[in-house]
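Structure, as structure tokens:
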Amino acid sequence: MSREPNPPAPTDWHKRPNGTRGACPICGCPTLNAGFHRSYKPEEGMRALWVKRQKSLSGWREIPIFAPGDSAQEIGQALQAKHPKPPRAPKPETIKAVMGAAKLEAFGFTAEEAAEKLGIPRGKLRDYRERYADLWTRHYVSALASVTKAVRKLAGTEAVFDDLTHYLRMAENADRWTMQNGEPLFPSSTGTTLTGFYNGHYLPNQLSDAAPKTFESYQAATRKWAYLTGDPPLSEITSDMMARFRNGLGKCSGKKPGTRMSPNTTRGILRHIQAILNKAGPAGPRNRDAAELITRVPWTKPPREDLGEPRIVTPDELQACYLAATAMDAPRFPGIKAPAWWRALLVTAYNTGMRRGNLFSMRMDQIDWRLCQIVLPARKMKARKLHVVHLNGSVLEHLRAIRTDRELVFPLEHWPKWFYDQFHKLQAAAGIPRSKQFGLHALRKTCATLLWGVAPQAAQLALGHAAANVTMRHYIAAGGIVAKALDLLPQPWLAG
């Protein structure tokens, strides 16, 4: 009597029995042409349920068979877990490119400049940085020590102006590096420097309650001073050094690509530096809390102020934007339609002259619907004085159209890039060319100019300025006001 062999277990290699259809009756494999196959053993830890083997030139090759419906991501993860790829060592030319790119970045070159110098695409450079992050970081940090030495050697010399943009990038990298190491960028052993006096005395005593923007502007001014002058001791600062600093600021890049720093920005930086020096100088009736670290305060004449003509938004432009709001589909918030949101913002900014920060921090519970006003606390105002904003009928009507129980009147999805992208989209839909498009500050200046034509004091009070000359110098488009007044002059030769 012949004895039949025991049937194979599902985890043993086997073929589908002849004459069977559908799934394999031994292991349940759904593939008809699996050849030799088996189920995965639990200890193998695979997401796949079966495996088949095929003969190849290098021997038997195992191929996982996945359950129906498995995603490509799940299959990829399973294959990686079963057959992990050993980390591939970078080629010598790749190591050289990574080292060179890291060093160029530390020395102030942009990604485009570094890729051009190395002769590789920018995308490949970005891939190198992500794939070989440890190698990149190691050589970047190593290069920063050399960058710091170079900045300390160049600062305060005429050589920084040979390529000022590149030097300032180097200085910023060196500044971050030394800050992480807990040391100043320009250490001094001969006395207190301007930045040292600013951080140790001026900042805690004079700017303790300053607005965040004021603090940021002082920080930027002292950094520029240190980068261009090398931050010498207070006793070594002269009027000639101040003049060189002023001239150097005029060679710095402006906010727009390809432009130089404006005279107004230079004046602002000089004003901050001068205020710090004044507090380091001798005490006097108007400077009673001066530190008296220097006997004479250096000074230089600031560049002439370039006021220009304020950008005024015309009624036609406002009407076109108002109508074009129907094309807007963002922002998306419950109970608020995007067109109504934009119309309310335009109408409120135009009729109140509120600053951008006040508009977007305004809360629903601050609006007094009965008295038709909103009260802005002193901490929200630049002049640190409580400010009452009147809301006329048009503003109230549009605010009611977007009234819900939310906190902010004008909530934003993202700030600030999202807002300005959407605002430019609105103006483009209104037919306003990009070269003539405006920001919210232009609506503030438009409101000021119109109010000034009616009552100058009303313009000053509406904008929350401490003095009328601030309103007049920076917010009023005098040309239109003068033209209207001249048109009303009596013409005696036309009488009779």
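The values are calculated or read from the model by the stated rules, or taken from the named source; none is laboratory data. This is a predicted model, so every value here is computed, not measured. For neighbour counting, all protein chains shown are included, and Cβ atoms are generated from backbone atoms with ideal geometry for every residue, glycine included.
Tell me the residue from 348, 295, 300 that is in a loop (DSSP other than H, G, I, E, B), in contact (Cβ under 8 Å) with a residue 40 or more places away in the chain and among the hydroxyl-bearing types (Ser, Thr, Tyr), please.
Going through 348, 295, 300 in turn, just one is in a loop (DSSP other than H, G, I, E, B), in contact (Cβ under 8 Å) with a residue 40 or more places away in the chain and among the hydroxyl-bearing types (Ser, Thr, Tyr): 300.
State all residues of the range 396-423 that are in contact with a strand residue (DSSP E or B) (Cβ under 9 Å, 6 or more places away or on another chain) and either assigned to a helix (DSSP H, G or I) or not assigned by TED's automatic domain parsing to the domain that holds residue 354 (or both); if no residue qualifies, say none.
Passing the criteria: 396, 399.
Can you confirm whether residue 461 is out of contact with any Phe, Trp or Tyr (no Cβ under 8 Å at 6 or more places or on another chain), under 26 Å from residue 377 (Cβ atoms), assigned by TED's automatic domain parsing to the domain that holds residue 322 and aliphatic (A, V, I, L, M)?
yes
Restricting attention to strands (runs of 3 or more DSSP E) lying wholly within the range 1-66, give those where 1 or more residues are at pLDDT 80 or above, charged (D, E, K, R) and surrounded by 12 or more Cβ atoms within 10 Å (Cβ to Cβ).
Strands (runs of 3 or more DSSP E) meeting the threshold: 37-39, 50-56.
Tell me which residues, restricted to the range 134-145, are within 30 Å of residue 258 (Cβ to Cβ) and in contact (Cβ under 8 Å) with a residue 40 or more places away in the chain.
143
Could you say which residue among 192, 265, 259 is without any contact (Cβ under 8 Å) to a residue 40 or more places away in the chain, outside the structural domain of residue 141 (by TED's automatic domain parsing) and under 22 Å from residue 299 (Cβ atoms)?
265 is the lone residue from the list that is without any contact (Cβ under 8 Å) to a residue 40 or more places away in the chain, outside the structural domain of residue 141 (by TED's automatic domain parsing) and under 22 Å from residue 299 (Cβ atoms).
With the structure loaded, tell me whether residue 481 is in the same structural domain as residue 388 (by TED's automatic domain parsing), part of a loop (DSSP other than H, G, I, E, B) and of a type in the set (A, V, I, L, M, F, W, C) or whether it fails that test.
On the way: in the same structural domain as residue 388 (by TED's automatic domain parsing): yes; part of a loop (DSSP other than H, G, I, E, B): no; of a type in the set (A, V, I, L, M, F, W, C): yes.
Taking the combined requirement at face value, the residue does not satisfy it.
Tell me whether the range 440-453 contains one or more residues that are under 24 Å from residue 389 (Cβ atoms), in the same structural domain as residue 380 (by TED's automatic domain parsing) and in a loop (DSSP other than H, G, I, E, B).
Within the range 440-453, none of the residues are under 24 Å from residue 389 (Cβ atoms), in the same structural domain as residue 380 (by TED's automatic domain parsing) and in a loop (DSSP other than H, G, I, E, B).
Based on this model, can you work out whether residue 353 counts as at positive phi and crowded, with 18+ Cβ neighbours inside 10 Å?
Numbers: at positive phi: yes; crowded, with 18+ Cβ neighbours inside 10 Å: yes.
Spelling it out, residue 353 is indeed at positive phi and crowded, with 18+ Cβ neighbours inside 10 Å.
Is there a residue in the range 367-387 that is touching a residue at least 24 places away in the same chain (Cβ under 8 Å), surrounded by fewer than 20 Cβ atoms within 10 Å (Cβ to Cβ) and part of a helix (DSSP H, G or I)?
No, there is no match, as no residue in the range 367-387 is touching a residue at least 24 places away in the same chain (Cβ under 8 Å), surrounded by fewer than 20 Cβ atoms within 10 Å (Cβ to Cβ) and part of a helix (DSSP H, G or I).
Restricting the search to the range 105-128, which residues are in contact with a Ser or Thr (Cβ under 9 Å, 6 or more places away or on another chain), assigned to a helix (DSSP H, G or I) and either among the hydrophobic types (A, V, I, L, M, F, W, C) or within 22 Å of residue 177 (Cα to Cα) (or both)? Full working, then the answer.
If we filter the range 105-128 for residues that are in contact with a Ser or Thr (Cβ under 9 Å, 6 or more places away or on another chain), which is where we start, we get 106-108, 128.
Pick out the ones that are also assigned to a helix (DSSP H, G or I) and you get 106, 128.
106 - this is the single residue of the range 105-128 that is in contact with a Ser or Thr (Cβ under 9 Å, 6 or more places away or on another chain), assigned to a helix (DSSP H, G or I) and either among the hydrophobic types (A, V, I, L, M, F, W, C) or within 22 Å of residue 177 (Cα to Cα) (or both).
If a residue has to be farther than 15 Å from residue 356 by Cα, without any contact (Cβ under 8 Å) to a residue 12 or more places away in the chain and not basic (Lys, Arg) to count, how many in the range 402-439 make the cut?
The total comes to 4.
Is it true that some residue in the range 160-183 is on the phi > 0 side of the Ramachandran plot and either touching a residue at least 24 places away in the same chain (Cβ under 8 Å) or of a type outside the set (Val, Ile, Thr) (or both)?
Yes: the range 160-183 contains one or more residues that are on the phi > 0 side of the Ramachandran plot and either touching a residue at least 24 places away in the same chain (Cβ under 8 Å) or of a type outside the set (Val, Ile, Thr) (or both).
Mind checking which residues of the range 162-191 are small (Gly, Ala, Ser) and either more than 23 Å from the chain's Cα centre (by Cα) or not in a helix (DSSP H, G or I) (or both)?
Of everything in the range 162-191, those that are small (Gly, Ala, Ser) and either more than 23 Å from the chain's Cα centre (by Cα) or not in a helix (DSSP H, G or I) (or both) turn out to be 182, 188, 189, 191.
All but one of (1) in contact (Cβ under 8 Å) with a residue 40 or more places away in the chain; (2) surrounded by fewer than 16 Cβ atoms within 10 Å (Cβ to Cβ); (3) basic (Lys, Arg) hold for residue 343; which doesn't?
(2)
From the list 229, 195, pick out the single residue that is closer than 23 Å to residue 173 by Cβ, touching an Asp or Glu at 6+ places or on another chain (Cβ under 9 Å) and β-branched (Val, Ile, Thr).
One residue alone meets the criteria, 195.
Looking only at residues in the range 283-310 that are surrounded by 10 or more Cβ atoms within 10 Å (Cβ to Cβ) and among the polar types (S, T, N, Q), which one is nearest to residue 265 (Cα to Cα)?
That would be 300.
If you go through the range 160-180, how many residues are within 16 Å of residue 225 (Cβ to Cβ) and aromatic (Phe, Trp, Tyr)?
Selection size over the range 160-180: 2.
Among 251, 224, 255, which is assigned to a helix (DSSP H, G or I) and either basic (Lys, Arg) or in contact with a Lys or Arg (Cβ under 7 Å, 6 or more places away or on another chain) (or both)? Don't jump to the end; show me each part of the working.
Working: 251 fails: assigned to a helix (DSSP H, G or I); 255 fails: assigned to a helix (DSSP H, G or I).
Answer to the check: 224.
Give the range 393-413 a look and list any residue that's loosely packed, with under 12 Cβ neighbours inside 10 Å and either under 12 Å from residue 351 (Cα atoms) or within 30 Å of the chain's Cα centre (by Cα) (or both), or say none.
Within the range 393-413, 393, 407, 413 meet the criteria.
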